[in-house]
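The values are calculated or read from the model by the stated rules, or taken from the named source; none is laboratory data. On a predicted model such as this, the values are computed, not experimentally measured, just so you know. Note that we place each Cβ from the backbone using ideal geometry, even for glycine, and neighbour counts take in every protein chain shown.
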């Protein structure tokens, strides 16, 4: 298999699907499912009060090599420049072997909040005294998870001061294996609430997962050769742009949004919980008390750019829409992943690549040139252009750097007039 498909963006959608099907060994049924998408009856079983479908374009980012493996990346996004930027950034990383990853494993936290306790530190000690018993009780709620090596691995207890008095908060540390984990850890937390009340003499209210998945971190690294990305001046420009995101939250917000352009597109394509991953990422970016970048950039001894990312990515391959949505199932097959941990590493790599591509554009030609060139097609469609006319008008507007519905209408009129003259 290879993710380097020359001229992929020039192919018609049906031809692209055939090319991906050949690389990912998709069968006729999977090909048909990608073309058809989610059916209304299927959607009605996935959420409440269904009245229709809201579809998002599904594209493929090419050129990725992750941990030595060629990977085609399904991305669900409406933003025109995202997939092109990811593919281009991944191509530039191939020269040095692509992306290299590591992780802390699929571990999540569940919180059990006990209140109304007069001696909170003594209550904390009491909970820890019963730790083994509490872990056993929790694991009894999900013997299948335990069978596959998961389950509660530890318990931590914190005394949290608040304006409503001290709270004793018990954290269940749960290895979720190939699940995102919300259902499993929430069930465990709820099952322990009566016992926590018994031990502490307090009242338990909240018992739920935390989306600040600081024990489920993934990391990715790539080296971009200076000559491949535009020279040493571009490297220095990227370093300066990245530094601003380190020290200024106004820039960091947009910097991290660029990362999430790639992350969220893959999370959505695989049927995972985009809100959980986004909440975890932004909370982690603020964990030191100030909102900062999720990526870091440095220059190595050869003058090449080294990019790294570290962030929580809580995704799963079992449960939820991943196993129900036909397109999500096919997206997972295209990725060729066998575990939730492997999926999370790919997602982090796409986030790093997306961020690099945006910084490179900012440090060289500016962000708008490439973005607006791709956006020109949408504008042409808004103006009423059809079929081949869309490409012609989009190319003219991009060349002129005048991308607007008004200009598209003018160009349509000009082309129509020329067609009449010819006939």
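Can you find a residue that is at positive phi, in contact with a helix residue (DSSP H, G or I) (Cβ under 7 Å, 6 or more places away or on another chain) and either buried (at least 23 other Cβ atoms within 10 Å of the Cβ) or in contact (Cβ under 8 Å) with a residue 24 or more places away in the chain (or both) anywhere in region 103-114?
The answer is yes; a qualifying residue exists.
Would you say residue 170 is touching a strand residue (DSSP E or B) at 6+ places or on another chain (Cβ under 6 Å) and touching a residue at least 60 places away in the same chain (Cβ under 8 Å)? Write out each step before concluding.
On the way: touching a strand residue (DSSP E or B) at 6+ places or on another chain (Cβ under 6 Å): yes; touching a residue at least 60 places away in the same chain (Cβ under 8 Å): no.
So residue 170 does not fit the description; no.
Would you be able to tell me the number of residues in region 40-72 that are within 23 Å of residue 321 (Cβ to Cβ) and in contact (Cβ under 8 Å) with a residue 40 or more places away in the chain? Walk me through it before giving the result.
Pass one, region 40-72, residues within 23 Å of residue 321 (Cβ to Cβ): 40-61, 71-72.
When the remaining residues are screened for being in contact (Cβ under 8 Å) with a residue 40 or more places away in the chain, the result is 42, 45-46, 56, 58, 60-61, 71-72.
Count: 9.
Has region 35-45 got any residue that is buried (at least 18 other Cβ atoms within 10 Å of the Cβ) and under 23 Å from the mean Cα position of the chain (by Cα)?
yes
If you check 220, 210, which single one turns out to be modelled with pLDDT of 95 or more and closer than 30 Å to residue 117 by Cα?
210
Can you spot a residue in region 150-166 that is more than 22 Å from the chain's Cα centre (by Cα), more than 20 Å from residue 206 (Cβ to Cβ), part of a loop (DSSP other than H, G, I, E, B) and touching a residue at least 24 places away in the same chain (Cβ under 8 Å)?
Within region 150-166 (the criterion being more than 22 Å from the chain's Cα centre (by Cα), more than 20 Å from residue 206 (Cβ to Cβ), part of a loop (DSSP other than H, G, I, E, B) and touching a residue at least 24 places away in the same chain (Cβ under 8 Å)), the answer is yes, since at least one residue qualifies.
Considering region 59-74 alone, what residues qualify as being surrounded by 13 or more Cβ atoms within 10 Å (Cβ to Cβ) and assigned to a loop (DSSP other than H, G, I, E, B)?
67
Where residues in region 300-323 are out of contact with any helix residue (DSSP H, G or I) (no Cβ under 6 Å at 6 or more places or on another chain) and modelled with pLDDT of 95 or more, which of them is farthest from residue 89 (Cα to Cα)?
That would be 301.
So, of the residues in region 75-90 that are touching a strand residue (DSSP E or B) at 6+ places or on another chain (Cβ under 6 Å) and assigned to a helix (DSSP H, G or I), which turns out to be surrounded by the most Cβ atoms within 10 Å (Cβ to Cβ)?
Filtering region 75-90 for residues that are touching a strand residue (DSSP E or B) at 6+ places or on another chain (Cβ under 6 Å) and assigned to a helix (DSSP H, G or I), the one surrounded by the most Cβ atoms within 10 Å (Cβ to Cβ) comes out as 86.
Residue 338 passes all but one of (1) surrounded by fewer than 20 Cβ atoms within 10 Å (Cβ to Cβ); (2) in contact (Cβ under 8 Å) with a residue 24 or more places away in the chain; (3) over 19 Å from residue 279 (Cα atoms); which number fails?
Result: residue 338 passes all but (2).
Kindly indicate whether any position in region 91-100 is assigned by TED's automatic domain parsing to the domain that holds residue 354, under 22 Å from the mean Cα position of the chain (by Cα) and in a strand (DSSP E or B).
Yes, region 91-100 contains at least one residue that is assigned by TED's automatic domain parsing to the domain that holds residue 354, under 22 Å from the mean Cα position of the chain (by Cα) and in a strand (DSSP E or B).
Condition first: farther than 16 Å from residue 172 by Cβ and part of a strand (DSSP E or B). Now tell me which residues in region 191-204 satisfy that.
Start the filter on region 191-204 by keeping residues that are farther than 16 Å from residue 172 by Cβ, which leaves 198, 201-203.
Matches in region 191-204: 203 only.
From the list 173, 127, exactly one residue is buried (at least 20 other Cβ atoms within 10 Å of the Cβ) and not assigned by TED's automatic domain parsing to the domain that holds residue 340. Which is it?
127 is the lone residue from the list that is buried (at least 20 other Cβ atoms within 10 Å of the Cβ) and not assigned by TED's automatic domain parsing to the domain that holds residue 340.
Test residue 27 against the stated conditions and say whether it is surrounded by fewer than 18 Cβ atoms within 10 Å (Cβ to Cβ), at pLDDT 95 or above and not assigned by TED's automatic domain parsing to the domain that holds residue 387.
On the way: surrounded by fewer than 18 Cβ atoms within 10 Å (Cβ to Cβ): yes; at pLDDT 95 or above: yes; not assigned by TED's automatic domain parsing to the domain that holds residue 387: yes.
Judged against the criteria, residue 27 is a match.
Considering only region 176-185, I want to know if a residue exists there that is surrounded by 15 or more Cβ atoms within 10 Å (Cβ to Cβ), free of Cβ contacts under 8 Å to residues at least 24 places away in the same chain and under 25 Å from residue 343 (Cβ atoms).
No; the residues of region 176-185 include none that is surrounded by 15 or more Cβ atoms within 10 Å (Cβ to Cβ), free of Cβ contacts under 8 Å to residues at least 24 places away in the same chain and under 25 Å from residue 343 (Cβ atoms).
Conditions: (1) at pLDDT 95 or above; (2) crowded, with 20+ Cβ neighbours inside 10 Å. Residue 94 meets all but one. Number of the miss?
Going through the list (1) at pLDDT 95 or above; (2) crowded, with 20+ Cβ neighbours inside 10 Å, residue 94 breaks only (2).
Which of the residues that make up region 293-319 are in a loop (DSSP other than H, G, I, E, B), surrounded by 19 or more Cβ atoms within 10 Å (Cβ to Cβ) and in contact with a strand residue (DSSP E or B) (Cβ under 7 Å, 6 or more places away or on another chain)?
The initial filter retains those residues of region 293-319 that are in a loop (DSSP other than H, G, I, E, B), namely 293-294, 300-304, 313-317, 319.
When the remaining residues are screened for being surrounded by 19 or more Cβ atoms within 10 Å (Cβ to Cβ), the result is 293-294, 304, 313-317.
If the condition is that a residue be in a loop (DSSP other than H, G, I, E, B), surrounded by 19 or more Cβ atoms within 10 Å (Cβ to Cβ) and in contact with a strand residue (DSSP E or B) (Cβ under 7 Å, 6 or more places away or on another chain), then 294, 304, 313, 314, 316 are the ones that fit.
Tell me whether region 284-292 contains one or more residues that are touching a strand residue (DSSP E or B) at 6+ places or on another chain (Cβ under 6 Å) and within 25 Å of residue 75 (Cα to Cα).
yes
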